[in-house]
Amino acid sequence: MNRTDGTATYLYCLVHAARPATGRTPRGLAGTGPVRLLDAGEGLWLAAADAPLARYGAAPIERGLHDLNWVSACAMGHEGVVEHFARRATVIPMKLFTLFASDERAITHVRRTRRRLDRLIARIGGRQEWGVRLMLDEHRALKARAGRGARAGRTGTAFLLRKKQERDAVHDLRLGAAAEGHRLFQRLARQADDARRQTPAQSGSGLRVLLDAAFLVRTGRAAAFRAATAKLGRQLAGSGFHLTLSGPWPPYTFVAEPA
Amino acid sequence: MKPRRPTTKVQAILEAADPTLLDLVDHVLNKGLIIDGEVVLGLANVDLVYLRLSALLCAADRLTQAPAARGRRRIAS
């Protein structure tokens, strides 16, 4: 099924435009050919490139996946091309390492899933993805709460009492923080067309991730969304919370299957 | 803020546990449209890479404990 010249077709993204402006397209993944636009008909294009199988066949990729530096370099190459087109048109970003045996196979596949793709385009067109993470510095938050409660006393009873109070404080703090994460998600979701929460990776350190979420926001509403996020971040900062915003991203989360 | 372009060596960025880069890897590796490409990746290996990535993301999160005012961070502004 592979072409005789030892290359496959690497697919970066789908571009929805009558005639996509190309401009100066970035290089893409190392060792791949220049980015080409393949016509899938009715205003849908595939941003693709030739990829040598010696570097991007199943086996080299499997080996490469063990090397985070290599994966990161590929990720940046992929993202560079996707963003290039995302600045100019609606794109459906592909997952990293989407490869086909040939241009024809890629086009055939896209045509076969056309109805689903058109629904996706209607949902994400003119919108960008923003990532919001809310974390809590438990140490700082507990210190901010300390001061109340019994401190004096050297007796065993006082010691046990203090230990219990500390345990209760951590428990209360975590309950409150989880609620805060939920509240933040709800408030930002009202400013977005779609929102998804992801299960946050926990560090096991003093910094607890309470919310890891993606929001789909109309390009024209981006400034308002950023401002709202910044305002909420400032309000939360005093009590040991730490909020980060990333983006705008091509809508990676919103074209993936809902978890 | 846009993810920064690869102006420095990836190695250097990674050693600094740049949260923006890690976010980027997370996005392209774990999200995006999945269509049945013809090179099928071993799921075990993807999981392996993702475990390391999670560990690094957490390391990066720890770094962000440093005072918010300092330096180039992607705090909401």
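Quick look at the numbers
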quantity: Calculated SAXS-style log₁₀ I(q)/I(0) at q = 0.18, 0.20, 0.21 Å⁻¹ - segment A:127-255, Debye, Cα scatterers; calculated: -0.93, -1.08, -1.16
quantity: Per-residue Cβ neighbour rank within 10 angstrom, fewest leading, A:T155, A:T98; calculated: A:T155, A:T98
quantity: Approximate spin-label separation A:L175-A:R19, in nm, with each point projected 7 Å along Cα-to-Cβ; calculated: 6.5 nm
quantity: Convex hull of segment A:1-142 built on C-alpha atoms - directionally averaged projected area, nm²; calculated: 11.5 nm²
quantity: Angle between chain A longest axis and helix A:222-237 axis [Cα atoms, degrees, rounded to 10]; calculated: 20 degrees
quantity: Globularity ratio of chain A, using Cα Rg and 2.2 N^0.38 Å; calculated: 1.33
quantity: Spatial extent of segment A:62-148: Rg and Dmax, with the Cα atoms as the point set, Å; calculated: 20.7, 70
quantity: Low-density loop positions, GluC sites (Glu not before Pro), segment A:1-84 - DSSP coil, at most 13 other Cβ in 10 Å; calculated: A:E42
quantity: Full-stretch length increase - A:L160, A:D193 - with 0.36 nm per residue and alpha-carbon distance subtracted; calculated: 6.8 nm
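Computed from the coordinates by the stated procedures, all read-outs in this text should not be read as laboratory data. Because the structure is predicted, anything quoted here is derived from the model rather than measured. Cβ atoms come from the backbone with ideal geometry, glycine included; neighbour counts cover every protein chain shown.
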